[in-house]
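First comes the structure, then the notes that go with it.
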Amino acid sequence: MSPDRASSLHRAIRLSQASIAWSLVSGSSAVAVGVVVGGLSLAGYGLDALADGAASAIVLHRFHTERREPHRADSLERRAARLVAVALAVISVLLGVSAIHALATHHAPEVSGLGVGIAVASMILLPPLAVAKRRTATRLASAALRADSTLTGVAAILALGGLLGLVLDPVVGWWWADSVIALAVAAVLSREAWSILSDSGL
């Protein structure tokens with residue numbers, strides 16, 4: 001294994017560890033708050049964050065194993081990419097169905113101080129993490145890490161959507177904003193899942 005690849009593997013492992021830690025804390029909190037206040041984007045962010053944590057764990061195992069057994073890299077990469085793509089697809093379906101139901105019933109989320117705090121913190125922390133994952137994925141030619149970076153980036157978008165959804169209805173009466181944002185993100189997740197499966201030949 002070349003020194004450059006070994007260094008990139010080390011960076012991928014560290015990024016995955018950081019992602020797991022933040023995802024577990026913020027994801028579980030966001031799901032709980034989103035369910036209580038009825039915030040689709042916030043709950044969607046929580047689900048995406050938890051999926052991101054699971055994906056990061058898969059990627060972490062994949063890169064740890066490559067360091068010990070480099071000959072298994074290709075098979076591990078395909079398996080990891082498949083699992084992460086499935087996570088993207090499942091979340092897109094759940095989020096899309098929930099958004100359509102909320103639009104049909106004119107549902108709007110309630111304001112939550114904790115929800116706003118989670119959203120703001122995630123908007124600050126997640127974009128740099130997503131960019132770092134994407135760059136490392138490019139260096140390693142890893143579809144799995146690229147998909148994981150997408151989950152992280154989408155989590156940041158959902159955090160923004162969650163924040164907008166919590167404040168736009170009481171401020172300007174846009175009760176539909178939370179659902180529309182969630183629906184748009186669901187479409188992006190679905191497209192990304194298909195792209196990963198197609199590009200990886202899975």
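The values are calculated or read from the model by the stated rules, or taken from the named source; none is laboratory data. Computed from a predicted structure; not experimentally measured. Quick reminder, even Gly has a Cβ in these numbers, built from the backbone with ideal geometry, and neighbours come from all protein chains shown.
Has segment 148-163 got any residue that is on the phi < 0 side of the Ramachandran plot, in contact (Cβ under 8 Å) with a residue 24 or more places away in the chain, among the charged types (D, E, K, R) and touching a helix residue (DSSP H, G or I) at 6+ places or on another chain (Cβ under 6 Å)? Scanning segment 148-163, I find at least one residue that is on the phi < 0 side of the Ramachandran plot, in contact (Cβ under 8 Å) with a residue 24 or more places away in the chain, among the charged types (D, E, K, R) and touching a helix residue (DSSP H, G or I) at 6+ places or on another chain (Cβ under 6 Å), so the answer is yes.
A search for C-beta distances below 9 Å between a residue of segment 119-137 that is over 15 Å from Ala30 (Cβ atoms) and any residue that is of a type in the set (Ser, Thr, Tyr) and outside any helix (DSSP H, G or I), counting only pairs 6+ apart in sequence or on different chains, returns Thr136/Ser142. Residues in segment 138-147: is at least one over 19 Å from Ser7 (Cα atoms) and not β-branched (Val, Ile, Thr)? Yes, the conditions are met somewhere in segment 138-147.
Among the residues of segment 1-28, those that are farther than 15 Å from Ala55 by Cβ, part of a helix (DSSP H, G or I) and not small (Gly, Ala, Ser) comprise Pro3, Asp4, Arg5, Leu9, His10, Arg11, Arg14, Val25. Cβ-Cβ contacts under 8 Å between residues 6 or more apart (or on different chains), taken from a first residue in segment 16-38 that is within 14 Å of Ala119 (Cβ to Cβ) to a second residue that is acidic (Asp, Glu), are listed as Gly27/Asp48; Gly27/Asp52; Val37/Glu110. Within segment 1-16, restricting attention to residues that are more than 16 Å from Ala147 (Cα to Cα) and polar (S, T, N, Q), which residue is surrounded by the fewest Cβ atoms within 10 Å (Cβ to Cβ)? Looking at the filtered set, the residue picked out is Ser2.
Look at segment 62-79: where a residue is surrounded by 15 or more Cβ atoms within 10 Å (Cβ to Cβ) and a partner is among the hydroxyl-bearing types (Ser, Thr, Tyr), sitting 6+ places away or on another chain with Cβ atoms under 6 Å, you get Leu76/Thr65.
If you check Val131 against the conditions, is it modelled with pLDDT of 85 or more and of a type outside the set (D, E, K, R)? Yes. Among the conditions (1) surrounded by fewer than 18 Cβ atoms within 10 Å (Cβ to Cβ); (2) within 17 Å of the chain's Cα centre (by Cα); (3) not hydrophobic (A, V, I, L, M, F, W, C), Pro170 misses just one, which is (2). What is the number of the single condition among (1) at pLDDT below 75; (2) crowded, with 24+ Cβ neighbours inside 10 Å; (3) of a type in the set (A, V, I, L, M); (4) in contact with a Ser or Thr (Cβ under 7 Å, 6 or more places away or on another chain) that Leu42 does not meet? (4) is the only condition that Leu42 fails.
In segment 166-179, what residues are in contact (Cβ under 8 Å) with a residue 12 or more places away in the chain and touching a Phe, Trp or Tyr at 6+ places or on another chain (Cβ under 9 Å)?
Asp169 - this is the single residue of segment 166-179 that is in contact (Cβ under 8 Å) with a residue 12 or more places away in the chain and touching a Phe, Trp or Tyr at 6+ places or on another chain (Cβ under 9 Å).
For segment 113-146, a residue qualifies if it is surrounded by fewer than 21 Cβ atoms within 10 Å (Cβ to Cβ), in contact with a Lys or Arg (Cβ under 9 Å, 6 or more places away or on another chain) and of a type in the set (Gly, Ala, Ser), and exactly one does: Ala132.
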